[in-house]
Ligand code: XMP
């Protein structure tokens, strides 16, 4: 399979570049600049290399840098923003700071006739975000695009197949960004386009069918997209030698546990062990109100329950995890991120006995995982399931968790989701749910005074969940949800809509 490397210099768009390349049916992988050597790059046999942007200036000695020998290994390179400046700097060109003429946002680009700009008109809109710029290009390079302010918006050395663009072709705003990336891949690197997530999954299934023959494979199924797709893929490969353990901690959304069980056991015939541990979790959570303690308690109890079940299964040969590519990239970047990549298993490998770990989805982005899920026949609800925190409704019930509160929240949340779906808005916010606050207030129902809980509704739009904007849901939808929740869910007498963005608020309440 042909592949392209995205050499990451700390740009905010590193993953996006890799995704854009894959959308063009060429496999791309992100490698941090300080975790790979020139000789390793040579051995990998890349068809092309893309240098990412980054927040630094090439003249700062602490800035990311790479062995300039990379320019001579004969592999085509496209430098983007900082990556282009670095290429110019490494090659002996000059980079300068344009304090007074920095460009940010949509900018008119003028290109010359060049293979990199095949199909791109002489004038089009590109997306700029820079202060430094390339003042003079290295020997052998020529300027192939400019903007009104930037004397070198793109440069190229056809002899060595080295190119640099000051703008960002990978973001969605530029009109011809995709075309430029495609030109680099197909016209410069000579890629044929052999990447397709569904074919990849077929190859993985065939491979696992051989490699895992006669082995017992264990997977912790949560009902989330990643573990569900990993389960189905492995089920196709090894059938009932795959044992899925689904710990239902009782803090799932209404009827979700039954749905997961039915889907995997009845529809797909997966060898599934469901552990209904709701009561056990509630008992352990009695009196716990501190958010961090709650999360910890749920996490620890989860491991204990899993451990007990795994103990009954005995020794397994293989432990499978639903880790996906962004987790792999993140875990290469620093200590805090490692925690996140292990988050899928919460430390399970320490407590159960197995010979090896496999991660069937570790090369795939989320959208690719979804295509594989669809190809494997996973129901739409599971393929497009919104993110759901591991501790479940536990972090959406403020204060102490009781069975009664879980039931109230499940009912209110189900109503909110029904109303959003009825209004055809389920793909508008990226996440929406109900929260049971710990505050009670006086209400009136018929002639009687009530003293019920306040339910908060939350809906957010976001690209990456690091920041989020509250969704402007239509008043009618909010009104119907509010009216139904206060009428149909005993114990809730007031509904509020959360209009806080992240930051300063977070998406979840705890
Ligand atoms: P916050 O609340 O940090 O949430 O703004 C950002 C996104 O992460 C999800 N989330 C979690 N997901 N385990 C998970 O798998 C967790 O413990 C967890 N906490 C938050 C949250 O639903 C949102 O999508």
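Couple of notes before you dig in:
- Residue count, the stretch 435-460 (criterion: over 17 Å from residue 483 (Cα atoms) and surrounded by 15 or more Cβ atoms within 10 Å (Cβ to Cβ)): 4
- Extreme residue, farthest from the ligand (Cβ to nearest atom), among residues of the stretch 351-383 that are in a loop (DSSP other than H, G, I, E, B) and under 22 Å from residue 20 (Cβ atoms): 363
- For residue 249: the one exception among (1) within 16 Å of the ligand (Cβ to nearest atom); (2) under 24 Å from the mean Cα position of the chain (by Cα): (2)
- Among the conditions (1) within 16 Å of the ligand (Cβ to nearest atom); (2) touching a residue at least 60 places away in the same chain (Cβ under 8 Å); (3) in contact with a helix residue (DSSP H, G or I) (Cβ under 7 Å, 6 or more places away or on another chain), the only one that residue 227 does not satisfy is (3).
- Where residue 367 falls short, out of the listed (1) under 21 Å from the mean Cα position of the chain (by Cα); (2) closer than 27 Å to residue 435 by Cβ; (3) surrounded by fewer than 19 Cβ atoms within 10 Å (Cβ to Cβ): (2)
- The residues in the stretch 463-484 that are buried (at least 17 other Cβ atoms within 10 Å of the Cβ), within 20 Å of residue 424 (Cβ to Cβ) and in contact with a strand residue (DSSP E or B) (Cβ under 9 Å, 6 or more places away or on another chain) can be counted, and the count is 6.
- For the stretch 26-53, the set of residues classified as in a loop (DSSP other than H, G, I, E, B) and buried (at least 17 other Cβ atoms within 10 Å of the Cβ) consists of 26, 46, 47, 52, 53, listed by residue number.
- Hey, residue 140 assigned to a loop (DSSP other than H, G, I, E, B) and in the same structural domain as residue 12 (by TED's automatic domain parsing) or not: yes
- Check on residue 293, touching a residue at least 40 places away in the same chain (Cβ under 8 Å) and either part of a loop (DSSP other than H, G, I, E, B) or over 27 Å from residue 380 (Cα atoms) (or both): no
- Any hit, the stretch 235-243, residues being surrounded by fewer than 16 Cβ atoms within 10 Å (Cβ to Cβ) and either more than 17 Å from residue 388 (Cα to Cα) or within 16 Å of the ligand (Cβ to nearest atom) (or both): yes
- Looking only at the stretch 196-215, and only at residues there that are touching a strand residue (DSSP E or B) at 6+ places or on another chain (Cβ under 9 Å) and at pLDDT 95 or above, the one that is nearest to residue 369 (Cα to Cα): 208
- In the stretch 493-508, residue nearest to residue 456 (Cα to Cα) [restricted to those that are near the ligand (Cβ under 8 Å from one of its atoms) and in contact with a strand residue (DSSP E or B) (Cβ under 7 Å, 6 or more places away or on another chain)]: 507
Per-residue answers, yes or no, for (1) in a helix (DSSP H, G or I); (2) over 24 Å from residue 172 (Cβ atoms):
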{"site": "86", "(1), (2)": "yes, yes"}
{"site": "89", "(1), (2)": "yes, yes"}
{"site": "96", "(1), (2)": "no, yes"}
{"site": "109", "(1), (2)": "no, no"}
{"site": "125", "(1), (2)": "no, no"}
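- Enumeration of residues in the stretch 383-432 that are under 22 Å from the mean Cα position of the chain (by Cα), more than 24 Å from residue 294 (Cβ to Cβ) and buried (at least 20 other Cβ atoms within 10 Å of the Cβ): 429
- Scan the stretch 385-422 for residues that are assigned to a loop (DSSP other than H, G, I, E, B) and either in contact (Cβ under 8 Å) with a residue 60 or more places away in the chain or more than 15 Å from the ligand (Cβ to nearest atom) (or both) and the total you get is 12.
- Every residue from the stretch 280-295 that is surrounded by 14 or more Cβ atoms within 10 Å (Cβ to Cβ) and within 16 Å of the ligand (Cβ to nearest atom): 281, 285, 288, 291, 294, 295
- Verdict on residue 431 being within 24 Å of residue 260 (Cβ to Cβ), touching a strand residue (DSSP E or B) at 6+ places or on another chain (Cβ under 6 Å), within 16 Å of the ligand (Cβ to nearest atom) and modelled with pLDDT under 95: no
- Looking across the stretch 461-479 at every residue that is more than 14 Å from the chain's Cα centre (by Cα) and part of a loop (DSSP other than H, G, I, E, B), the one that is nearest to the ligand (Cβ to nearest atom) is identified as 471.
- Screening the candidates 209, 182, 203 for the property of being assigned to a helix (DSSP H, G or I) and outside the structural domain of residue 375 (by TED's automatic domain parsing) yields one hit, 182.
- Complete set of residues in the stretch 255-279 that are in a helix (DSSP H, G or I) and crowded, with 16+ Cβ neighbours inside 10 Å: 256, 257, 259, 260, 261, 263, 264, 265, 278
The values are calculated or read from the model by the stated rules, or taken from the named source; none is laboratory data. On a predicted model such as this, the values are computed, not experimentally measured, just so you know. As a convention, Cβ positions derive from the backbone with ideal geometry for all residues, glycine included, and neighbour counts pool all protein chains shown.
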